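Working notes for the structure below.
The values are calculated or read from the model by the stated rules, or taken from the named source; none is laboratory data. Note that the structure is predicted; figures quoted are calculated from it, not measured. Cβ atoms come from the backbone with ideal geometry, glycine included; neighbour counts cover every protein chain shown.
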Amino acid sequence: MAGRNFLFVPGPTNIPDRVMRAMMVSMEDHRSPAFPALTREIMPGLKKVFRTEHGTPFVFPSSGTGCWEAAVTNTLSPGDRVLAARFGQFSHLWIDMCTRMGLDVQIVECEWGTGVPLQQYADILKADTEHSIKAVLACHNETATGVTSDISGVREALDEAKHPALLFVDGVSSLGSIDFRFDDWGVDMAVSGSQKGLMLPAGLGILCASPKALEMRHSAQLKRAYFDLNDMINANATGYFPYTPALSLMYGLVESLHMIEEEGLDNIIARHHYLAEGVRAAVTKGWGLKLCAKEAKWYSDTVSAVMLPEGINGAEVIARAFNRYNVSLGAGLSKVAGKLFRIGHLGDMNEVHLMAAIAGAEMAMLDCGIKVTPGSGTAAAGEYWRHHSAPSGLIARDTHKHSKETHGTHSLSGPAVVKG
Ligand SMILES: *Cc1c(COP(=O)(O)O)cnc(C)c1O
């Protein structure tokens, strides 16, 4: 098939060429004296992305789901009560894991398209005067519905109730794309992965733990082995890993952290908002369709879930986009299967790239009998982008010179890395 596949699933995301090249390395001895330099290059960069001074980042050879398990098993004991809200497939899966781990999950059922219910969380925490709730779970960005929740609001609910429960946040599809503040929000365990905002292949589970959360590992009784933070802490202290690290991905991570540093986290967050606003203009103003997110306060800047008219099967639109136009859109999951399609707009992305998603989705919808006006989506997105000033990451400059300088200052002392 000629031309590229246009990838707009909300993870895995597009990998920048620079990151791709950085991962083309020969294997090396992960017990060599040179290896710790790689670990020491990654950890401070991750702390910046989590916006933490006192948190400790961990890198597991796993997907993000592994870090859900690490967060839970290193802090809690069988039968412990945790508070969680279910409003999409990912918040559901974390609850499911907690249940399977033998925790007592107090589930707040919410309409899909909404997010963490702050008032209910506040009421439940206030009423729990005996502090039987040991952890509060919050899915920061529900990737299944395109909903972002207010994590600082969850922290406020905990503080107002003077409740000591740990705060666990799923930031898999928000870290490095949507504002995430580990320290300011008093997050205790933040879970992420490599294949979304960090622009890498899947394969790294990324976790950040507060001192309070780390302290819990001494009393936590849940069974753990592979994901035991003790083993990681001991090995990481000297720059090594308790088992074979995913070397290529770690070299890719060094490069993606360089890219994040160069563009600037605030600029990246602004870029994601600006791009998302263009997509939302296409969906609502152009096509006249609705987003799954019920209100503007829930709108996600990394993924938009587009509701389809009654009687239309979203799977057909997605299949048509893929088979005919080589555009990969995200499917509706579980409760919303068939009812929507998703456009992932996170990671390495700009306006014209995103136009491919809008144009491809529009053609596929027309082919499937949905009466949107041809050209209306790209027109509305274009109007938004043309009339709003672009974040600095989208403005052309002397990138060649810039990237050369960066490579000079960040060169690894370990084995040679192939870099752009
Ligand atoms: C992708 C995703 C996950 C799962 O991560 P895996 O890397 O697939 O294990 C969890 N939570 C959210 C919000 C996600 O978007």
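Data overview
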{"quantity": "Condition broken by GLN195, with the remaining ones in (1) in contact with a helix residue (DSSP H, G or I) (Cβ under 6 Å, 6 or more places away or on another chain); (2) within 25 Å of TYR299 (Cβ to Cβ) satisfied", "calculated": "(1)"}
{"quantity": "SER194 vs. criteria surrounded by 24 or more Cβ atoms within 10 Å (Cβ to Cβ) and touching a Lys or Arg at 6+ places or on another chain (Cβ under 7 Å)", "calculated": "no"}
{"quantity": "Residue within region 263-271 that is free of Cβ contacts under 8 Å to residues at least 12 places away in the same chain and either within 23 Å of VAL19 (Cβ to Cβ) or assigned to a helix (DSSP H, G or I) (or both) present", "calculated": "yes"}
{"quantity": "Any chance LYS196 is within 16 Å of the ligand (Cβ to nearest atom) and touching a Pro at 6+ places or on another chain (Cβ under 9 Å)", "calculated": "yes"}
{"quantity": "Strands (runs of 3 or more DSSP E) (entirely within region 33-149) containing at least 1 residues that are within 15 Å of the ligand (Cβ to nearest atom)", "calculated": "56-60, 81-86, 133-139"}
{"quantity": "Answer from VAL136, VAL172 - the residue that is buried (at least 19 other Cβ atoms within 10 Å of the Cβ), within 23 Å of GLY344 (Cα to Cα), within 23 Å of the chain's Cα centre (by Cα) and modelled with pLDDT of 95 or more", "calculated": "VAL172"}
{"quantity": "Residue within region 314-321 that is small (Gly, Ala, Ser) and within 18 Å of the chain's Cα centre (by Cα) present", "calculated": "no"}
{"quantity": "Any hit, region 172-189, residues being away from the ligand (no atom under 16 Å from the Cβ), in contact with a strand residue (DSSP E or B) (Cβ under 8 Å, 6 or more places away or on another chain), without any contact (Cβ under 8 Å) to a residue 60 or more places away in the chain and not in a loop (DSSP other than H, G, I, E, B)", "calculated": "no"}
